[in-house]
Every structure is written in structure tokens, then in C-alpha cells.
Amino acid sequence: MDNTLINFLLKKYQAEKKWTRFVIDQLSDEDIAWSPTPESNSIANLVAHIWGTVHQRIEVALFGILDTRDRDREFERGLQMSKEEALELISKSYDRIIEVLEQVKAKPETLLEQPYLHLPPLTNSGVDNQATVLEILLHQFRHLPGHTGQITYIAKMRKGQLQ
């Protein structure tokens, strides 16, 4: 099987990780916790949500790790997170996806596996329990950049032009 798609996804996820870290690195702890309005998410919320999604959709299904996600906490108003914690969670999130892509590159037939089949029904998800590894990766590819775009937008609201 040709690895063109996997190589494309690897390149894009690596770029998303690099850009998001670049943005967060320019912020203070206060900036990470700031939200534009009381109803809006902060960068801390978005980083927590990205990690929660990756943990539940990638780690639980593909690595058999116990699901410890608390989705409601991800969107808790006033969520506090240091810049270092935000950088660590973003790296951890993208590194986990990149790890899966590297494994799939070595064994492309895993793209058609359905890792959720014997897990509890998914909630708040763009995929269902019938999803293949490919569908999970493509869903994350659609989902995560939207949130990294929000992080960039909030950072620009807070700092103006980024370096």
C-alpha cells in the first residue's frame, strides 16, 4: 500500500504541533487562562479539549489505556493551566497521533481495523463505534486544526501580531 496519505497526515500533524507550540510559547500563564468573553473558551480550555479528544479517541481505542477523560472539565470556566502545561499537553497530543501514524506507516493494513467495536458507545464524537483507524485519524485531522485556529485567534486578540 502506498504511504502517500500517511506521509501527508504526518506532515500536517507535525506542522500543527509546531505552529501551536510557536503560538503558545509567546503567551504568559495569564494569557493561557484568558477568554474573550465569559462564555468563550480560553486557550487552557482548548488545549485541555485537544488532549481529552486525543486521549479518548486515540489512546483509549488504539492503546487500550483506561479512559480518564472528564469532558465537562475541559470546558470549565476559569480553567487554569500554565504555559508550560499547555506546551506539554499540545506536544503530548500531537506526539500521540504522530506515533499512531508512524505505526500505521509500518503496517498500513491497520487503517481498516475498527478499534471501538468492543468499547462502550462513544458520545460527543464525530465517529461511532464502527469507525476504522483511518476514519479516526481523518476525524482528528478535521477536528484539531479548528481548535488550533481558535488558539491562534485568541492569542492574536490578546497579543496583537504574533512574532
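The string of couplings for region 44-60 from the Karplus curve (6.51, -1.76, 1.60, θ = phi - 60°) is 4, 4, 5, 5, 4, 5, 4, 5, x, 5, 5, 4, 6, 8, 10, 4, 5 Hz, one whole number per residue in order, with x for Gly and Pro.
Using C-alpha pairs under 8 Å with a sequence gap of at least 6, the mean separation divided by the residue count of region 80-136 gives a relative contact order of 26 percent. A protection proxy built from the mean count of other Cβ atoms within 10 Å ranks the segments 6-13, 89-96, most packed first, as 89-96, 6-13. Here the peptides 76-84, 38-46 are ranked by packing, the mean other Cβ count within 10 Å, and the order with the highest first is 38-46, 76-84.
Computed over region 4-159, relative contact order equals 32 percent, with contacts defined as Cα pairs under 8 Å that lie 6+ residues apart.
Relative protection proxy for 60-72, 150-162, from highest mean packing down: 150-162, 60-72 (other beta-carbon atoms within 10 angstrom).
The charge dipole of region 1-106, taken about its Cα centre with unit charges on the Cβ of Lys, Arg, Asp and Glu (plus for the first two, minus for the last two), comes to roughly 420 debye. Sorted ascending by nearby beta carbons within 10 Å, beginning with the fewest, 98, 136 become 98, 136.
Anisotropy class assigned to region 1-129 is oblate, per the alpha carbon gyration tensor with a/c at or over the 1.5 cut-off and a/b no larger than b/c. 3J(HN,Hα) along region 20-30, derived from phi through the Karplus expression 6.51 cos²θ - 1.76 cosθ + 1.60 where θ = phi - 60°, amounts to 5, 5, 4, 5, 4, 4, 8, 9, 9, 4, 4 Hz, with x in place of Gly and Pro.
Ranked from largest, the principal axis spans of the Cα set of region 92-158 equal 44, 29, 17 Å.
Taking 35 Å as R0, compute the FRET efficiency from the Cβ-Cβ separation of residue 156 and residue 125 and round it to 0.05.
Numbers: r = 30 Å, r/R0 = 0.85.
The formula returns an efficiency of 0.75 here.
Per residue, the average separation of C-alpha pairs within less than 8 Å and at least 6 apart gives region 1-95 a relative contact order of 38 percent. Between the amide H of residue 79 and any residue lying 5 or more places away or on another chain, no distance stays under 5 Å, with hydrogens modeled in the peptide plane.
The Cα center of region 19-48 and the Cα center of region 52-72 differ in position by 22 Å.
The HN-Hα couplings worked out from phi for region 72-79 by the Karplus form 6.51 cos²θ - 1.76 cosθ + 1.60 (θ = phi - 60°) are 4, 5, 4, 10, 5, 5, x, 4 Hz, whole numbers, x standing for Gly and Pro.
Any read-out appearing in this document is the output of simple, stated calculations on the displayed coordinates, not a laboratory observation. Predicted model only: the values in this text are computed from it and were never measured. Cβ coordinates were reconstructed from backbone atoms using ideal geometry, including for glycine residues, and neighbour counts include every protein chain displayed.
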